[in-house]
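One structure is given here, and the rest of the page talks about it.
The values are calculated or read from the model by the stated rules, or taken from the named source; none is laboratory data. If you're wondering where the values come from, they're calculated on a predicted model, not measured in any experiment. Ideal geometry is used to build each Cβ from the backbone, glycine not excepted, and the neighbour counts take in all protein chains shown.
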Amino acid sequence: MKKIKLCALLILSLFFTLDKVSAECDNKSQLEINTASSNITMNYSLETLAIDAEGNLHPEIEPENVEISEMSEYSLIDRVFININNVSDKVFVVFRSNDDNINKEYHYQDLQNGSLTYEVPDLNTIRNYTLTVYSDVAECGNQELRTINVTTPMYNSLADQVGCDNNNAYYCQRYITSPINEDEIFLDSNNANNDNSKIEDDKSNQNFILFTLGIVVIAIIIIAIIIMIIKNKQRKDSEIKNIGGN
């Protein structure tokens, strides 16, 4: 009987302990972690930096001041960064990317003033990153609060093609975040060819009209000259007859 009472007492104690812990995650605590979660941001930034022949970066040099030539001392390199900011001690985050094989957990003390910068290792593919935010308040448990997704761009080699000069089409953008639709390129190329054909046809029509107009004008001039010659001849013949008659 004593054992049964003891077990019942232990169960009741455990129940009240759990209920107390649960009760400690009150509205105020929940509001704090929700606010902390909503303040977190994750985005990407694209930077163009000067690099020397030895591969050393020179962030102090403005890209617009770098001359691009075979004899230039510097060249330009693009870099993409993932920026995570505003992580507080109320929450922790898990940074994931299947593309980069990343699955890391970060708490406030692991970061630099709640911020993390990650350099994307490859700009030749489109890459996806996920940041999941969890509660880091013990009494509230590890609640999953929100998820942020970011897709970083890839370098588009088509942008260097001659057909992309002064072309604002998506497939001519230097960096893209979704695959290029080849049908779009084909249709756009056809439209450009059709436009060029139309221009050539218009020019041909204009040339034909001008040529025809020129022939008509010349014909009118020739006819006018012939008429003048005939009238002059008739006038002279008439004058000769009048003189002979007298």
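Going residue by residue through the range 31-41, is there one that turns out to be farther than 17 Å from LEU123 by Cβ, part of a helix (DSSP H, G or I), among the acidic types (Asp, Glu) and assigned by TED's automatic domain parsing to the domain that holds GLU139?
Looking for residues that are farther than 17 Å from LEU123 by Cβ, part of a helix (DSSP H, G or I), among the acidic types (Asp, Glu) and assigned by TED's automatic domain parsing to the domain that holds GLU139, one finds at least one in the range 31-41, hence yes.
Pairs please, first residue from the range 130-150 and under 17 Å from GLN109 (Cβ atoms), second anywhere and acidic (Asp, Glu), Cβ atoms under 7 Å, 6+ apart in sequence or on different chains.
Here the result reads TYR134/GLU144; ASP136/ASP89, each pair linking the range 130-150 to a residue that is acidic (Asp, Glu).
For residues that are out of contact with any Lys or Arg (no Cβ under 6 Å at 6 or more places or on another chain), aromatic (Phe, Trp, Tyr) and at pLDDT 95 or above, scanning just the range 59-115, find the one that is surrounded by the most Cβ atoms within 10 Å (Cβ to Cβ).
Going through the qualifying residues, I end up with PHE92.
Considering only the range 137-158, state which residues are of a type in the set (A, V, I, L, M, F, W, C) and either within 30 Å of ARG174 (Cβ to Cβ) or outside any strand (DSSP E or B) (or both).
Passing the criteria: VAL137, ALA138, CYS140, ILE148, VAL150, MET154, LEU158.
Just the residues that are touching a residue at least 40 places away in the same chain (Cβ under 8 Å), within 23 Å of the chain's Cα centre (by Cα) and either more than 30 Å from TYR108 (Cβ to Cβ) or assigned to a loop (DSSP other than H, G, I, E, B) (or both), please, taken from the range 54-98.
ASP78
What number of residues within the range 137-153 satisfy the criterion of being surrounded by fewer than 16 Cβ atoms within 10 Å (Cβ to Cβ), among the polar types (S, T, N, Q) and over 19 Å from the mean Cα position of the chain (by Cα)?
Residues that pass the stated criteria total 2.
Does at least one position in the range 164-179 carry a residue that is aromatic (Phe, Trp, Tyr) and not in a strand (DSSP E or B)?
There is at least one residue in the range 164-179 that is aromatic (Phe, Trp, Tyr) and not in a strand (DSSP E or B).
Tell me, which residue of the range 27-53 that is within 22 Å of the chain's Cα centre (by Cα) and of a type outside the set (A, V, I, L, M, F, W, C) is farthest from VAL91 (Cα to Cα)?
Out of the qualifying residues, it is THR48.
Looking at THR117, THR132, THR125, can you tell me which residue is closer than 15 Å to VAL150 by Cβ and under 20 Å from the mean Cα position of the chain (by Cα)?
THR125
Can you work out which of the residues in the range 99-136 that are touching an Asp or Glu at 6+ places or on another chain (Cβ under 7 Å) and assigned to a strand (DSSP E or B) is nearest to THR41 (Cα to Cα)?
THR132
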